[in-house]
Amino acid sequence: MRRNSGQNENLTRDEAAWRAQTLKVHSYRVELDLGAAQDPQVTGYRSKTTIEFEADGTTDTFLDFIHESVQSITLNGAAVDRAQAVNGSRIQLTGLRQGTQTPNTVIIDAHASYSRSGEGLHRYVDPADGATYCYTQFEPADARRVYANFEQPDLKAPFTFVVRAPQGWHVGSNQSPSRIDAHGDGTSTTHFAPTLPISTYITTVLAGPYFVATDTYTRTLEDGTELVIPLNASCRASLEPHFDAQNIMDLTRAGLDYFHELFDYPYPWGKYDSAFVPEYNLGAMENPGLVTFTEQYVFTSRATEAQYEARSNTLMHEMVHMWFGDLVTMAWWDDLWLKESFADYIGTLANAQATEFTTAWTTFANRRKGWAYVADQLPSTHPIVADITDLEAAKQNFDGITYAKGASVLKQLAAYVGAEAFRDAARSYFRTHEYANTTLSDFLTALETASGRDMGAWADAWLKTAGVPRLGVTLSEADGMISAARLTQSGTDPVSGAAIRHPHVLNVGLFDVIDGKLTRTASHRVELTGEGIELPFLTGLRRPDLILPNDGDDTYAMVDFDTVSLATLLGHLGTLADPLARATCWAALWNSVRDAKLPATEFLAAVRAHAGAVTEVGVFTQLLAQATTAITHYLPADQRAAERQALADAVTGWLETAAPGSDAQIAAARALAVLARGAVAGEFVDALLAGEPRYEGLILDEALRWSLWTAKAASGTLDDAALARLEADALAHPSAVATAGRLLALAARPDPAVKEAAFTAVLSGKNPDSSALSNEAISSTAAGFLLGTHELLDGHYAGYWPALEEIWESMSIGMATRVISGLFPTAQNLTAEDTHPVVQQVDTWLREHPEAPRALRRILLEERDHLVRSLAAQRVSTQQKTAV
């Protein structure tokens, strides 16, 4: 997908602010003709947009539109010269009428392109039955790939969609159909009711032979009226046998109950559809009235409780957006946190309180929060309220800081002001700013009114700074007893260089090993506002075996354990019964590995000794994934084989003792399949692929089967006979999973010719026949390519560095990111040089391309940081071995 934009696709904040000051949009009418969508030779579709708007203080403006072609432009009834008006991805409008009494009407009749990147209007052909499916994905600024518009969140308007599609297709949008007109050519046109005022990025269209299940939600409101919300859940027809639509709608009802109670504002968007779509770039998108989800949440293979919990959490996250983001929307992407941080926090809160997944905060502490810590240590870290100067910067800020750090800080905020004040602030915020746009100050005003506190200092400390605070406890002892204890925070804001001094309300937990079990003996609430605070409750006590700052995970901070506490965890963590405390400790140990403070070998020993005692399958799965990463990235080359075998032996033991059919069994089997990519557990791989009933209750579903094929390919044991079986498997069971799995496995083979072909395909974004690779095809092929030693891969990188700018210019940001990050040589061995050769290559490229787009430079700087971090961790493990 070429950008077709010259230099003007990247809308700036200043340009958007100018349009917001000079324009008011009354309405959109968007007509799309998808009648020929099933014909693969047809690359695009007709897109006709009618916009009514006021202009005040300007006689000219511009529309955003990334198009295939523009047939005509009509402004206030007069034809506009296309050659003069169309400029890349913008359409210039001049001679506008002024004032509220004389609105302008512009009609753009054009053709737009079907997408294979998951951006704009994506078209997918089901490998199972050949059916064609379409859906849109716009955030932050891809509605302009489908229809002409003012692509910024603060120019809201009602939208009326009219969609022509093959007759018999399910066609959906933000509102319900008002009528459907059948034509005599095998197509029909669906007219949708107008929406309430919304932003362009949350408009949506869905079209295809989707399976649709329906239901209804009803609720009696405080004034006695009955709120009726039609529900539906849809997926590709071939996935219907696997689709538990009733569970989706049950969760939807539970969420609607919860949020009506919490927000005290009736759901305003009419219906609530949940569509599960293929090749989706995200987990989900909060289009009001029609939420789209990745179809990976339609479980075609055995799903663990952790997978069901993740799906439920995503559903709740998106439902929060119906209020935070859709009803009240940030004015510009600087305040993206005003919707994403809130959805991440309140969505997890709802998952824990309104569903069966009562340990949702445990999962958050161990997994989601880790995403925040990683992002906040990158050179691209930024405050939660970020400085977003343009759309390229906005695209890259859907990151761990905006989501998970923001959610963690809001959890701390609720502890700081109280849950009731936080709730009351949200209610006031919705009533005051419904259907409007806001900034940070608007929410702070609501919060100050509800809490009675001045929130300025809190906001400055938490929302306008970057970096991770670190908490630790220092002790002084005399005669075997604690004479003084102090909780301290440290760290430096990498953006400003200032010391981090955040206000924290948290618990300090005290634990001892009692009868062989690590047991909490006390937990004390403290408020830390500066560099440190005394802990008088420890004075006069024997040193506890473990002191856990942030017991309960109420604040956002990394934990530095004292030497006694660290030794206790490494020796006894498996005996700690509290799931949240256990997950918090595991997360802290992993952070120490990444920070090169704890040798990876010690973390791996702890995993082998204690992971089997973890009762939450999500945490268990995460630990095994982290252990595998520790082997491939944080251990020097000469230690990897032994540690991989030791971990494989431990996982095999857990697999053999797990209850038949249990989550622990399937999690262990999946982890062992991934480890087998490194030439261990070959007998396990061959036995399962041969259909041997090795483990009672273990089902060889398609997810496990294709992971095993990848292991066999990557380990170099995929001979001609096995390759023929793999291909036969893909043909016999065509599916999205099989398509991606086949590409991954084939690219994983340790053959230079195979690697070169995979590298070339990803770098160009094309198949050998020059057809475009889809988003998922690029990612699968790139992931397979990287499964190999750097000795095997390094020779293929000659074309990588010279191609970077062309990739950036010729692909969308999303696709370019998949290519550049997907091929980056991040798994490297420690060398004797002061600066690793790959680090030198990155530095050289950045030095020689000072004018490269900031977004491209950011990707390379982040990948460089990951590499440097892995090399530092390898060095620690090398030094440990040398010392021993």
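The values are calculated or read from the model by the stated rules, or taken from the named source; none is laboratory data. Owing to the predicted nature of the structure, the values given are computational and were not obtained by experimental measurement. We place every Cβ from the backbone using ideal geometry, glycine too, and count neighbours over all the protein chains shown.
When you check ARG470 against the structure, is it modelled with pLDDT of 95 or more and over 16 Å from PRO503 (Cα atoms), yes or no? No; evaluated as a whole, the condition is false for this residue. If you go through the range 113-130 and keep only what is in contact with a strand residue (DSSP E or B) (Cβ under 7 Å, 6 or more places away or on another chain), among the aliphatic types (A, V, I, L, M) and surrounded by fewer than 24 Cβ atoms within 10 Å (Cβ to Cβ), you end up with just VAL125.
For beta carbons closer than 7 Å, sequence separation of 6+ or different chains, a first residue in the range 803-832 that is touching a residue at least 12 places away in the same chain (Cβ under 8 Å) and a second that is in a helix (DSSP H, G or I) and among the hydroxyl-bearing types (Ser, Thr, Tyr), the qualifying pairs are ARG818/SER779; GLY822/SER779; LEU823/TYR800; PRO825/TYR797; ALA827/THR632; LEU830/THR878. Within the range 616-670, how many residues turn out to be under 28 Å from the mean Cα position of the chain (by Cα) and more than 25 Å from ARG694 (Cβ to Cβ)? Summing the residues that are under 28 Å from the mean Cα position of the chain (by Cα) and more than 25 Å from ARG694 (Cβ to Cβ) in the range 616-670 gives 11.
Given the criterion without any contact (Cβ under 8 Å) to a residue 40 or more places away in the chain and crowded, with 23+ Cβ neighbours inside 10 Å, identify the matching residue among ALA627, ALA605, ALA609, ALA600.
On the way: ALA605 fails: crowded, with 23+ Cβ neighbours inside 10 Å; ALA609 fails: crowded, with 23+ Cβ neighbours inside 10 Å; ALA600 fails: without any contact (Cβ under 8 Å) to a residue 40 or more places away in the chain.
Sole residue among the options that is without any contact (Cβ under 8 Å) to a residue 40 or more places away in the chain and crowded, with 23+ Cβ neighbours inside 10 Å: ALA627.
Looking across LEU698, LEU743, LEU726, LEU704, one residue alone is free of Cβ contacts under 8 Å to residues at least 24 places away in the same chain and either closer than 18 Å to SER780 by Cα or hydrophobic (A, V, I, L, M, F, W, C) (or both). It is LEU726.
Among SER234, SER173, SER188, SER238, which is the only one that is touching a residue at least 12 places away in the same chain (Cβ under 8 Å), in the same structural domain as ASN10 (by TED's automatic domain parsing) and over 30 Å from LYS24 (Cα atoms)? It would help to see each step written out before you state the result.
Details: SER234 fails: in the same structural domain as ASN10 (by TED's automatic domain parsing); SER173 fails: over 30 Å from LYS24 (Cα atoms); SER238 fails: in the same structural domain as ASN10 (by TED's automatic domain parsing).
The match here is SER188.
Here ALA711 fulfils each of the conditions (1) within 24 Å of LEU635 (Cβ to Cβ); (2) small (Gly, Ala, Ser); (3) part of a loop (DSSP other than H, G, I, E, B) apart from (3). Of all the numbered requirements in (1) surrounded by 24 or more Cβ atoms within 10 Å (Cβ to Cβ); (2) assigned by TED's automatic domain parsing to the domain that holds PHE443; (3) not aromatic (Phe, Trp, Tyr), SER274 misses one, and that requirement is (2). Evaluate the range 836-848: report whether one residue or more is outside any loop (DSSP other than H, G, I, E, B), in contact (Cβ under 8 Å) with a residue 24 or more places away in the chain, over 24 Å from THR629 (Cα atoms) and not β-branched (Val, Ile, Thr). Yes, the range 836-848 has at least one match.
Restricting the search to the range 84-119, which residues are assigned to a strand (DSSP E or B), touching a residue at least 60 places away in the same chain (Cβ under 8 Å) and either within 11 Å of PHE65 (Cβ to Cβ) or not small (Gly, Ala, Ser) (or both)?
From the range 84-119, those assigned to a strand (DSSP E or B) are 86-87, 90-94, 104-113, 115; that's our starting set.
Applying the additional criterion that residues be touching a residue at least 60 places away in the same chain (Cβ under 8 Å) yields 87, 90, 108-113, 115.
The answer is ASN87, ARG90, ILE108, ASP109, ALA110, HIS111, ALA112.
Just checking, how many residues over the range 499-517 are touching a residue at least 60 places away in the same chain (Cβ under 8 Å) and more than 19 Å from LEU566 (Cα to Cα)? So the count comes out to 4. Of all residues being over 20 Å from TYR403 (Cα atoms) and among the charged types (D, E, K, R) in the range 285-305, which is surrounded by the most Cβ atoms within 10 Å (Cβ to Cβ)? Just the residue, please. Of everything passing the filter in the range 285-305, GLU295 is surrounded by the most Cβ atoms within 10 Å (Cβ to Cβ).
When the range 419-466 is filtered for residues that are on the phi > 0 side of the Ramachandran plot and within 29 Å of the chain's Cα centre (by Cα), only TYR435 remains. Pairs meeting the criteria (first residue in the range 249-270 and under 19 Å from ASN287 (Cα atoms), second residue among the β-branched types (Val, Ile, Thr) and in a helix (DSSP H, G or I), beta carbons under 8 Å, at least 6 apart or on different chains) are PHE259/VAL320.
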